[in-house]
């Protein structure tokens, strides 16, 4: 071969190798950011707020953040199961209200019931509403958006009818202790949230049920052909979401010492935001409870830190909306 041609070929090969290596490095960085970007963002946010406000990194404020995020966090764990299957639940805020007012009516001082009765009844109401959602979606093939939108309206209406539009007051001290009490210096709502997170992680990562949930969201037809009872899985995840919404509703009513029919408004949007920010795909089949936990903490830390810095709540809503849109765009990009 001509020496000049050999030289050109050699440099051409070197250039190709360098370009390939650069592309591999970019792909590696992209994959690394896609996998751990949410944790990096949380760490950066935490550090910035710690530097910006002396009051942020104190024990009392950290406990306060955990108390604030615990209720929406419980709802978000249930929402994670639903979204991983490729669904959505717009009714959790209304289910919170209905469960809360029914439970509160059995927790009034003059009712004479023990604490266990209102708790079980509130959980049952939430579970029943979630199960109805699941049956409509899985058996009757109603679109999740439509089915849960209907439940959102109906459950809120039932809460209004049940209370005649007025809050249920005069609750027992034992019931109020659920939202305001502490155990081992940790608020009971925070302990409840931690337990729900641990159960959620166990169900999704270490059980056959969890694998079936991911399979259903990843490819429903393939899941059916593999012998998975997709109908049962869908009814189960919506039942879990309803049950956890009922628990969250009771905790919130306990904190404000009344069961209000307007309780829980907007909680469904915050729950969806936390799940999406935490990396769960709206297309289904991808997500984790730990990611949802980080999403909940990002929203809670951001709200708390900006409050300490006296930033208007209006700007907080704009920032939260921007974060949600960015998270969805990244999710869409990852799906391509």
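The values are calculated or read from the model by the stated rules, or taken from the named source; none is laboratory data. Just so it is clear, the structure is predicted and the values come from calculations on it, not from any experiment. Neighbour counts run over all protein chains shown; Cβ positions are idealised from the backbone, glycine included.
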Can you tell me how many residues within the range 49-65 are touching a residue at least 12 places away in the same chain (Cβ under 8 Å), more than 11 Å from residue 297 (Cα to Cα) and part of a helix (DSSP H, G or I)?
5
Residue check, residue 165 against (1) touching a residue at least 60 places away in the same chain (Cβ under 8 Å); (2) surrounded by 12 or more Cβ atoms within 10 Å (Cβ to Cβ), all met but one. Which one?
(2)
Hey, any hits in the range 269-287 for a residue that's over 19 Å from residue 91 (Cα atoms) and assigned to a helix (DSSP H, G or I)?
yes
If I go through the range 87-137 residue by residue, how many of them are out of contact with any helix residue (DSSP H, G or I) (no Cβ under 9 Å at 6 or more places or on another chain), at pLDDT below 95 and either assigned to a helix (DSSP H, G or I) or surrounded by 20 or more Cβ atoms within 10 Å (Cβ to Cβ) (or both)?
1
Give the residue, chosen from 200, 218, 170, that is loosely packed, with under 13 Cβ neighbours inside 10 Å and touching a residue at least 24 places away in the same chain (Cβ under 8 Å).
170
Only one of (1) on the phi > 0 side of the Ramachandran plot; (2) touching a helix residue (DSSP H, G or I) at 6+ places or on another chain (Cβ under 8 Å) does not apply to residue 254, and that is (1)
Residue under evaluation residue 140, criteria (1) surrounded by fewer than 24 Cβ atoms within 10 Å (Cβ to Cβ); (2) under 30 Å from residue 60 (Cα atoms), criterion not met:
(2)
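For the range 252-267, which positions are in a helix (DSSP H, G or I) and surrounded by fewer than 24 Cβ atoms within 10 Å (Cβ to Cβ)? It would help to see each step written out before you state the result.
Keep residues of the range 252-267 that are in a helix (DSSP H, G or I), which gives 252-256, 267.
Matches in the range 252-267: 255, 256.
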Which numbered condition residue 76 fails, given (1) surrounded by fewer than 24 Cβ atoms within 10 Å (Cβ to Cβ); (2) over 13 Å from residue 249 (Cβ atoms):
(1)
Determine which member of the set 56, 42 is modelled with pLDDT under 90 and either surrounded by 12 or more Cβ atoms within 10 Å (Cβ to Cβ) or under 18 Å from residue 190 (Cα atoms) (or both).
42
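Looking only at residues that are part of a loop (DSSP other than H, G, I, E, B) and touching a helix residue (DSSP H, G or I) at 6+ places or on another chain (Cβ under 7 Å) in the range 162-221, which one is nearest to residue 281 (Cα to Cα)? Spell out the reasoning first.
Keep residues of the range 162-221 that are part of a loop (DSSP other than H, G, I, E, B), which gives 164-167, 169-170, 172, 181, 184-185, 207, 219.
Those left that are additionally touching a helix residue (DSSP H, G or I) at 6+ places or on another chain (Cβ under 7 Å): 170, 172, 181.
Numbers: 170: 43, 172: 42, 181: 36 Å.
Among those that are part of a loop (DSSP other than H, G, I, E, B) and touching a helix residue (DSSP H, G or I) at 6+ places or on another chain (Cβ under 7 Å), it is 181.
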Options 278, 266, 217; residue that is farther than 30 Å from residue 177 by Cα and at pLDDT below 95:
278
